[in-house]
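Single-structure report; data block below.
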Amino acid sequence: MKEFEHFLEATAGWIWNYPLLVLLVGGGAFFMIYSRFLPFRYIGHAINVIRGKYDDESDPGQINHFQALSGALAATIGMGNISGVAIAISVGGPGALFWMWVSAFFGIATKFFTCTLAVLYRGKDTKGEIQGGPMYFIMEGLGPGWRPLAVAFSIFGLLGATPLFQANQIVESVGDILIEESVVDSGSRFYLELGLGFCLMIFTGAVIFGGIKRIGLVASRLVPSMVLLYILGIAYILAIHIDNVLPSFQLILTDAFTGNAVMGGALGALIITGVRRAAFSNEAGIGTAPMMHGAAKTTQPVREGLVAMLGPAIDTMLICTLTGLAILVTGVWSHTDLSGISLTTEAFKSIPVIGPYILALCVLIFGFTTIFGLAYYGKKCFSFLAGAERAHYFDYWYVGLVIFGSISTLRGVIAFVDIGYGLMAFPTMISAILLAPKVMKVARKYFDSIDD
């Protein structure tokens, strides 16, 4: 098992190297410059779209704009924001957070382009249902000759869109609390994790068997409350460590260009760590969000692109920054060997008595909603490959993976998911760059027609 884990880590390290770094960050920079920073000029309009100003129930699609954004955020605002940031800091140091910001900044433009394409070039599955996502805009936008690229994306999506990481960190978080409170002894940890995994599997099945509409409904109700609760918890931590907030920002900026805190001056490795964790957090350029936004009820592709571009700003620039600051201002990152959710839990102990429980509740909500969103993504990939009439088989496979993730090691799980995400980025970004002129054509036409 150890040998397999080392193989996964080596493979993930090989994939997440400079070519992928250039593709994600360089591609995002291309989108930003090519559009002349267009997405930033219409943030107010994007908010009006989310508020439902342009909703029309007769439009094609399955969910409204707000539910599409909530569903996409449910799959991104999750363990990557709580555990992924902790991993980035423990592996790459405080400077990794800066490179997460850089990746997210350009990710705003990437989300605009890829999610506009998801609606502009929607296709139909084998049941005749309208669908969106990279596999469909590759086929519809680039043509049938590009089908191998669409198939490759779908295969890679089955590797990346799994509940392994979320299940692992939910179980670890709850297990840590139960053991620390002496509810369960540490010797029974495996059976505890297995039992928690079964409970998580049952709950997951109850939601994902309901399809995209149930996922969108659950996400739209849980996402706002989970974000608010998490922000309030971290606001308290920052308030009681207010003197450390400014020095923490300074540490992030100085370490970003030296890598001295953890990486020993290995700046290139630090940048890769930041971009890698940012991609896992906000998924810009990976291709998952277009699958959710492609289900939005709209006849205007640009509207959904504007809605989607808010994702990286909320996900990485807000939530990930707050997590990183909580870890840095409390100093837990520099005097413990903990990583992942355990490191964030240590920071939340600054809140007397209830701190770990607040985090545990957030972890449950973040983790559950992420699992639901990823289930939808994986099912879409499976449907494209095997046919929509066989999609229900994927649900059984997916809930089974919940158990596997619950009892697996964190390092192995991270490496496995990173492999899937890294491979997904290649077909997504290559096709989006090739189709960028099509996006700009419809964008200019759309913005010439609006009055807000």
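The values are calculated or read from the model by the stated rules, or taken from the named source; none is laboratory data. Everything numeric in this text was worked out from a predicted model, so none of it was measured. Using ideal geometry, Cβ is built from the backbone for each residue, glycine included, and neighbour counts are taken over all protein chains shown. Note: accessible area is taken over every heavy atom of the protein model, side chains too, but ligands, DNA and RNA are not part of it. Shrake-Rupley method; radii C 1.70, N 1.55, O 1.52, S 1.80 Å.
Ordered by solvent-accessible area of protein heavy atoms (1.4 Å probe), largest first, the residues 346, 140, 5 come out as 140, 346, 5.
Between their Cα atoms, which of 380/441; 127/297; 379/441; 53/438; 111/297 are more than 20 Å away from each other? The pairs that break the limit, which is 20 Å between Cα atoms, are 380/441; 379/441; 53/438. Label separation (residue 10 vs residue 199): 4.0 nm, computed from points 7 Å beyond Cα along the C-beta direction. Using the Stokes-Einstein relation with a Kirkwood hydrodynamic radius computed over Cα pairs, the translational diffusion coefficient of region 120-181 at 37 °C and a viscosity of 0.692 mPa s comes to 231 µm²/s. Report the FRET efficiency, 1/(1 + (r/R0)^6), for residue 240 and residue 147, where r is their Cβ-Cβ distance and R0 is 56 Å, rounded to 0.05. Taking R0 as 56 Å, the efficiency between residue 240 and residue 147 is 0.50. Stretched out straight at 0.36 nm per residue, the stretch from residue 361 to residue 334 would grow longer than its current Cα-Cα span by 7.1 nm. Projecting label points 7 angstrom from Cα along Cα→Cβ for residue 349 and residue 2 puts them 2.8 nm apart. Stokes-Einstein diffusion for region 3-43, with the hydrodynamic radius set to the Kirkwood value over Cα pairs and evaluated at 25 °C in a medium of 0.890 mPa s, equals 199 µm²/s.
Full extension of the chain segment joining residue 22 with residue 47 gains 5.9 nm, where the gain is 0.36 nm per residue of separation less the Cα-Cα distance.
Taking the 1.4 Å solvent-accessible surface of region 312-452 as the whole, the part contributed by carbon and sulfur is 66%. Net charge around residue 8, counting only other residues with Cβ within less than 9 Å of its Cβ (Lys, Arg = +1; Asp, Glu = -1)? Once positives and negatives cancel, what remains is -2.
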